[in-house]
Amino acid sequence: MNKIILTFLLVAILLPSFVLAKDVEIALSAADMVGYTEEMLSLDLTIRNNQDKDDRFSVNIWPPFWEGVNTILEKYIVSLSAKASETIKIYFDIPINAEEKISVFNITVKSLTNSSIAESQNVNIRVIRKSPLYVSDLKVDKHVFNPGESVNIVTSVANKGDEPARVNLQTTLKKLGQVIEKLEENLDVEQKGSKKIEQKITFDKYAEPGTYMLDAELRDSTNKLVSFKSESLKLNAVPNVTHQKIVSYGLLLQTVVIKVKNEGNIESTSFYVTEDIPGFMKSFFYPTGDWTEEKIYDRILYHWLVPSLMPGEERIMKYEINLWYGWVVSIIVVACVVVAFRYVFTPQIVKRHKLFGPITRESEIIISLDVRNRSRHEIKNVVVRDLVPPILKVVRKFETLKPMIKATPSGTEVVWKLASMKPREERILTYRVMPVVDMTGSLKLPKARISYTDRKKMEKSIVSKTVLIKPS
């Protein structure tokens, strides 16, 4: 009986510990730690798997980064056999610009097979600065910029020491670690005091778009870096291709220069520069370089392909318009106009005939001479002459003004004399002829002629066209 009672009591004592036992336990080598700037603290984390089976556990720290302190895990996944344990390292990297305060980090270990199996503990990291001098604040007026804009910077420097200090502030704009611009200024900061410095950095017109880092570094009198702060800035991508046309004029030549330039901060895509001219100017147009030609209706388009341009890069296209050909064409046009004018406003004689049937000795052919004064002035001493070939004889029957008839070795000459003709006046003179023999072919009559004196008292003459008589 005593053994039974003793066994019962032993079970009663041990049972609560089995009930309260956790499936996973963690232990930290320290719960509170003190670290100086530019140091790295290490902490041991021991994980024990109290389960009767193997398991894998994830290790997480929250927050992973706080007030400048960065956490680093030796392992993020730990595999443990049943009832086994393992110790891993946790590092706390304290940069030079870490805030001087106590930061709390939560360490959690959780089973990857059963999320309800987990254990957490906190660790407190107290940061102490090595130097009383530090950059307390770094402000910019905005964080997104366009090329050519300026960054207005306000940097605050604090001195927590008991003595005044002379420091050097270096403000640097960087992209991918490359220094773009750097400003430097020496400052005197009173004990237990602070100072604000206003600076300005301007982005270049062709600055590459992307993320830039603005660093404010503080160095003591020995040029040792004691503190710094950073801000990230974004520079927008701005495409901007400009076109400029320059026209220069010479006596007989016009030169056109087209300049295209990438005034943006990103590489441009390839594009065409196009000039169009009327189709009739093709003979006067002389482009240079590599170009293509396209005709659309009554116009001609000339295209120059411009490959992609880097920021600030410029390309030039050029063509000439040779005005010499224009002058030649103008002279020809003027000459044509003058000739046409003279033709339209010059007296004229038109010779016609009328015949019905075959050309026989009984056929009577009517010849008409249409004399017109198309000038704008009166003409005088008008003489109209026509020659009748010997194969024809003049029929002395006249419906209009009777001419003078005179026999000549080359035929019979028919002449009319008019004292004058008013502007736009027209006279129709007719006479009749008959063949002296029967004819089977056609008959060609010579040109009729009109002579006159113009208003400048100059004698001039005009002839008609020949007339071909065919039997009908």
Seminar exercise, completed: Within region 41-76, the residues that are farther than 16 Å from VAL104 by Cα, in contact with an Asp or Glu (Cβ under 7 Å, 6 or more places away or on another chain) and either of a type in the set (S, T, N, Q) or not assigned by TED's automatic domain parsing to the domain that holds THR113 (or both) are ASN49, ASN50, GLN51
For this session: Taking the residues in region 195-235 that are among the hydroxyl-bearing types (Ser, Thr, Tyr) and part of a strand (DSSP E or B) as candidates, determine which candidate is surrounded by the most Cβ atoms within 10 Å (Cβ to Cβ).
Result: SER227
Problem set entry | Every residue from region 458-472 that is out of contact with any Lys or Arg (no Cβ under 6 Å at 6 or more places or on another chain) and over 22 Å from VAL415 (Cβ atoms) | LYS470, PRO471, SER472
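Can you list the strands (runs of 3 or more DSSP E) lying wholly within region 255-351 that have 2 or more residues being at pLDDT 90 or above and not polar (S, T, N, Q)? Before the answer, list the steps.
Values: elements: 271-278, 285-287, 292-296, 299-306, 314-322.
Those strands (runs of 3 or more DSSP E) span 271-278, 299-306, 314-322.
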Problem set entry | Within region 24-74, strands (runs of 3 or more DSSP E) holding 3 or more residues that are without any contact (Cβ under 8 Å) to a residue 40 or more places away in the chain | 69-73
Seminar exercise, completed: Scanning region 385-421 for residues that are of a type in the set (Val, Ile, Thr) and crowded, with 16+ Cβ neighbours inside 10 Å, the one farthest from GLY441 (Cα to Cα) turns out to be VAL414
Problem set entry | Filter result (assigned to a strand (DSSP E or B) and exposed (fewer than 15 other Cβ atoms within 10 Å of the Cβ)) within region 75-107 | ILE77, SER79, THR87, LYS89, TYR91, ILE102, VAL104, ASN106
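State which residue is nearest to LYS101 (Cα to Cα) when the search covers only region 111-144 and only residues that are in a strand (DSSP E or B) and touching a Lys or Arg at 6+ places or on another chain (Cβ under 7 Å). Spell out the reasoning first.
In the first step, residues of region 111-144 are kept if they are in a strand (DSSP E or B); the result is 111, 118-128, 133-140, 144.
Filter once more, keeping what is touching a Lys or Arg at 6+ places or on another chain (Cβ under 7 Å): 118-119, 127, 135, 138, 144.
Working: ALA118: 29, GLU119: 26, VAL127: 5, VAL135: 15, LEU138: 19, VAL144: 31 Å.
So the residue we want is VAL127.
Report the residue count in region 153-184 for those that are in a strand (DSSP E or B) and surrounded by 13 or more Cβ atoms within 10 Å (Cβ to Cβ). Can you show your working first?
Of region 153-184, the ones in a strand (DSSP E or B) are 153-159, 165-175, 178-184.
With surrounded by 13 or more Cβ atoms within 10 Å (Cβ to Cβ) added as a condition, the list becomes 153-159, 165, 167-175, 180-183.
Selection size over region 153-184: 21.
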Exercise. Does region 116-136 include one or more residues that are in contact with a Pro (Cβ under 9 Å, 6 or more places away or on another chain), surrounded by fewer than 18 Cβ atoms within 10 Å (Cβ to Cβ) and not basic (Lys, Arg)?
Worked result: no
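The values are calculated or read from the model by the stated rules, or taken from the named source; none is laboratory data. From a predicted model like this one, the values you see are computed outputs, not experimental measurements. Please note: Cβ atoms are built from the backbone with ideal geometry, for glycine as well, and neighbour counts cover all protein chains shown.
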